[in-house]
Amino acid sequence: MVKKALMYQFMANIDTKIKGKEILLTHRDLSIETGRAEAWFNNSFNNLEDLRISSFLRILAVANERHKANTEAEIDGEFLINIFTSKILETANGINILAIENEAHLGAFIQSEEKLFQDLIGYWGILSSKGKLNDAEEQVLKEMREILNSYNKTEQEEENEQ
């Protein structure tokens, strides 16, 4: 589920950049200009596909050509910074930590990374509303909300005691 949230963030950031005033690409145009079927990027976007590096580079190449045509300048580091945001890097780091975390300590890890998981719950809520979570994932979302709500409730009680 964390990977789904990561792919949602990544694809949404790409979508925002390609639709920006300096590039103005539709999903269809991007697909065609990368030599793919008309619905390729739209399907990848909607299905939260884990793009290959070569596919991402082809997207960048098309975006760069369109940017040059519209502004007479190539895309720059700011373009990439807006795709690879600190939130994306935090989510990717969360995946790394979860991969090595002992299952018995997951609750404590979730509580220690409350901000990350609050953000993930927001993304999972969006994915849920779009029908992108299966029944098991919906159950995990419910459990995550409960874990974080109980943690927040405990924190508030401790603050009130002081």
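A few notes on this one:
- Selected residue [assigned by TED's automatic domain parsing to the domain that holds residue 12, under 25 Å from residue 128 (Cα atoms) and modelled with pLDDT of 95 or more] from 41, 56: 41
- Region 1-41: number of residues that are more than 28 Å from residue 110 (Cβ to Cβ) and part of a helix (DSSP H, G or I): 15
- Restricting 19, 4 to residues that are closer than 16 Å to residue 79 by Cβ, within 21 Å of the chain's Cα centre (by Cα) and basic (Lys, Arg) narrows the list to 19.
- Residue in region 118-139 that is more than 14 Å from residue 1 (Cα to Cα) and crowded, with 16+ Cβ neighbours inside 10 Å present: no
- Qualifying residues in region 1-31 (those that are buried (at least 17 other Cβ atoms within 10 Å of the Cβ) and among the β-branched types (Val, Ile, Thr)) - the one farthest from residue 89 (Cα to Cα): 23
- All positions within region 51-68 that are surrounded by 13 or more Cβ atoms within 10 Å (Cβ to Cβ), of a type outside the set (Gly, Ala, Ser) and more than 17 Å from residue 81 (Cα to Cα): 51, 58, 62, 65, 66, 68
- Members of region 32-44 found to be buried (at least 19 other Cβ atoms within 10 Å of the Cβ) and within 25 Å of residue 138 (Cβ to Cβ), listed by number: 44
The values are calculated or read from the model by the stated rules, or taken from the named source; none is laboratory data. It should be emphasised that the depicted structure is a prediction, and the values quoted were computed from it without experimental measurement. Note that we place each Cβ from the backbone using ideal geometry, even for glycine, and neighbour counts take in every protein chain shown.
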